[in-house]
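Peer 1: My structure is below; once you've seen it, I'll send some questions.
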Amino acid sequence: MSKLTDSKITGVGLGLRHQHFEEFIEDKPDVPWLEIHTENFFNAGSTASKYALKIRQDYPFSAHSVGLSLGSASVACPIREEHLQKVKATIERFQPKLVSDHLSWSASDKVHYLPDLLPVPYTQEALGIMAENIDHVQNTLKRQILVENPSSYLAYKDSPIPEWEFLNTLVERTGCGILLDVNNIYVSAHNHGFDAEFYLEQIPVAPVQEIHLAGYDVRNIEGQDVYIDTHGKRVYDPVWELYVKTIDKFGDIPTLIEWDNDVPKLEVLMDEKSKADIIINKAKKEKAA
């Protein structure tokens, strides 16, 4: 049976990177779904887009954007319309099951675009701006988007709303879903000193529709170890432990092994996938017992 017959994605997927295009076309490895970075496929005539469309014939996709700048407070153009229309065209071309972006901003009036995901101050004003931006994106795309919790290294002095409360309120106001990045929770918890498990407890089950797992780097900055979400290593054991608790609470949510830098051979990603599969299957057996 074709993997495309299901109305939604399930199980543990991988990020589709150009290093593995030919393997997915020729070998068709046993992966239930793949995630694309939307911005990498804006050009419909590019070689990458042609490969991805061929792969899409055999695998469901999710689409993860990095440039919508949902937290932008730019007066002239909170959401860059040209970018949004390119996202829309790409989504229409690939018909992904899920669409997502980040709880962050990357564009402003003075600087058109910054190649980074910058933190949002967790204030009522920022909450209102981001809710309006999410509404605009969802109305334009004519579908729900998921918003991913960020990894962060610095906090605004004026940021009175806890991140989980900010995220939950966005869900209530806009009807968006949540992409829960377990590695980001762990990284931010270490950097800011909050309890990662407490964070999980504050997130309701229903809005969470996708989970991300990734590796991080440790850098010593002014005598302190700072965890950096680099997506360039295997998932660390403490993140796997937090993932066990995540699956125990949220169930068999589609999970992505995210690896963007120093992309390894496909068998390394498949090995990471198998670890997540074991955790999900164990949770299912325990729930059925």
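The values are calculated or read from the model by the stated rules, or taken from the named source; none is laboratory data. For clarity, every value in this text was computed on a predicted model and none was experimentally measured. Neighbour counts run over all protein chains shown; Cβ positions are idealised from the backbone, glycine included.
Peer 1: Assuming PRO264 fulfils every condition listed in (1) outside any loop (DSSP other than H, G, I, E, B); (2) over 19 Å from LEU200 (Cα atoms); (3) not aromatic (Phe, Trp, Tyr) apart from one, which condition is it?
Peer 2: (1)
Peer 1: Could you check the range 142-232 for strands (runs of 3 or more DSSP E) lying wholly inside it with 2 or more residues that are under 14 Å from the mean Cα position of the chain (by Cα)?
Peer 2: Counting at least 2 such residues, we get 146-148, 177-181, 208-213.
Peer 1: Where the second residue is surrounded by fewer than 18 Cβ atoms within 10 Å (Cβ to Cβ) and not in a strand (DSSP E or B) and the first is among the β-branched types (Val, Ile, Thr) and lies in the range 41-62, which pairs have Cβ atoms under 8 Å and are six or more apart or on separate chains?
Peer 2: Between residues of the range 41-62 that are among the β-branched types (Val, Ile, Thr) and residues that are surrounded by fewer than 18 Cβ atoms within 10 Å (Cβ to Cβ) and not in a strand (DSSP E or B), the close pairs are ILE55/PHE21; ILE55/ILE25.
Peer 1: Restricting attention to the range 219-277, which residues are modelled with pLDDT of 95 or more and of a type in the set (Gly, Ala, Ser)?
Peer 2: GLY251, SER274, ALA276
Peer 1: Can you tell me which residue within the range 163-208, out of those that are over 17 Å from VAL235 (Cα atoms) and among the aromatic types (Phe, Trp, Tyr), is surrounded by the fewest Cβ atoms within 10 Å (Cβ to Cβ)?
Peer 2: It comes out as PHE198.
Here is a yes/no grid of residues against (1) surrounded by 17 or more Cβ atoms within 10 Å (Cβ to Cβ); (2) of a type in the set (Lys, Arg); (3) at pLDDT 95 or above; (4) part of a loop (DSSP other than H, G, I, E, B):
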site	(1), (2), (3), (4)
SER2	no, no, no, yes
THR5	no, no, no, yes
HIS20	yes, no, yes, no
VAL31	yes, no, yes, yes
ALA44	no, no, yes, yes
LYS54	no, yes, yes, no
VAL66	yes, no, no, yes
HIS83	yes, no, no, no
ALA89	no, no, yes, no
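Peer 1: What number of residues within the range 174-220 are hydrophobic (A, V, I, L, M, F, W, C), within 13 Å of TRP164 (Cα to Cα) and free of Cβ contacts under 8 Å to residues at least 24 places away in the same chain?
Peer 2: Here the count works out to 3.
Peer 1: Of (1) touching a Pro at 6+ places or on another chain (Cβ under 8 Å); (2) modelled with pLDDT of 75 or more; (3) under 23 Å from LEU256 (Cα atoms), LEU117 satisfies all except one. Which?
Peer 2: It fails just one condition, (2).
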